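The values are calculated or read from the model by the stated rules, or taken from the named source; none is laboratory data. All values reported here derive from a predicted model rather than from experimental measurement. Here Cβ is always computed from backbone atoms with ideal geometry, including for glycine, and neighbour counts include all displayed protein chains. Side chains are part of the model used for accessible areas, which takes the heavy atoms of the whole protein and leaves out ligands, DNA and RNA. Shrake-Rupley method; radii C 1.70, N 1.55, O 1.52, S 1.80 Å.
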Amino acid sequence: MKKYLSFIFILLFACTILSAKDRLVTFSAGLSSGVPIYGNHSIVSTGSEIEKANRIIFGVNGAINLNLIKQVSFYLGNDTLWDLTWNSEEKANKVHVSFPLGIKIYPGLGGFNVGLAYTLGFRADTIKTKAAGEYNGISSWGNGFKIQAEYNFAHEGNSQYYPSIGGYWNLMPRGNDSFDNLIVLYIAANF
């Protein structure tokens, strides 16, 4: 009997998802870039001491969105941002990894939404400079938060595949009473 009830429940749930105008679960993935602002005691080297340095800051992000109602979306994701600084002999590379769990609220302005998320993350450093020496390490895991503003063209659009553009500020503790601030802009595909 339990098998039949479970089968009926799953069938009804699947029919509800497939017949709904808005999809219950959506996904997004994108590219980003930004500005990391490092805390005083959180980092061995920012790379600013490297002469004639090349610097690239780029990232990727992805999220699973749970759209219970049109005005609110819950999400779980991953944000990874690489801060790479180097010349022919020295390097100061940092990788910021965070896992946000949050909510997006649509106030009725088309696809515009604001969000707040709890983030859990760390930073991995690979540094080899004359001033700082050689260092490879991972920071302490931090519990931070993320505030974002986004415009999701797929929210009010004719297609679920329209992109989203947005930005966020992520405050992440890195141990030693120090914090990293990540200010990031991104573009994401929705599907």
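Taking region 160-176 as the range and being without any contact (Cβ under 8 Å) to a residue 40 or more places away in the chain, more than 13 Å from Thr26 (Cα to Cα) and open to solvent by 50 Å² or more (accessible area, probe 1.4 Å) as the test, the residues that pass are Ile165, Trp169. If the condition is being modelled with pLDDT under 95 and within 18 Å of Gly102 (Cβ to Cβ), then region 173-187 contributes only Pro173.
Residue-wise test of (1) out of contact with any strand residue (DSSP E or B) (no Cβ under 7 Å at 6 or more places or on another chain); (2) polar (S, T, N, Q); (3) without any contact (Cβ under 8 Å) to a residue 60 or more places away in the chain.
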{"site": "Val72", "(1), (2), (3)": "no, no, yes"}
{"site": "Asp79", "(1), (2), (3)": "no, no, no"}
{"site": "Glu89", "(1), (2), (3)": "yes, no, yes"}
{"site": "Lys104", "(1), (2), (3)": "no, no, yes"}
{"site": "Glu134", "(1), (2), (3)": "no, no, yes"}
{"site": "Trp141", "(1), (2), (3)": "no, no, yes"}
{"site": "Phe145", "(1), (2), (3)": "no, no, yes"}
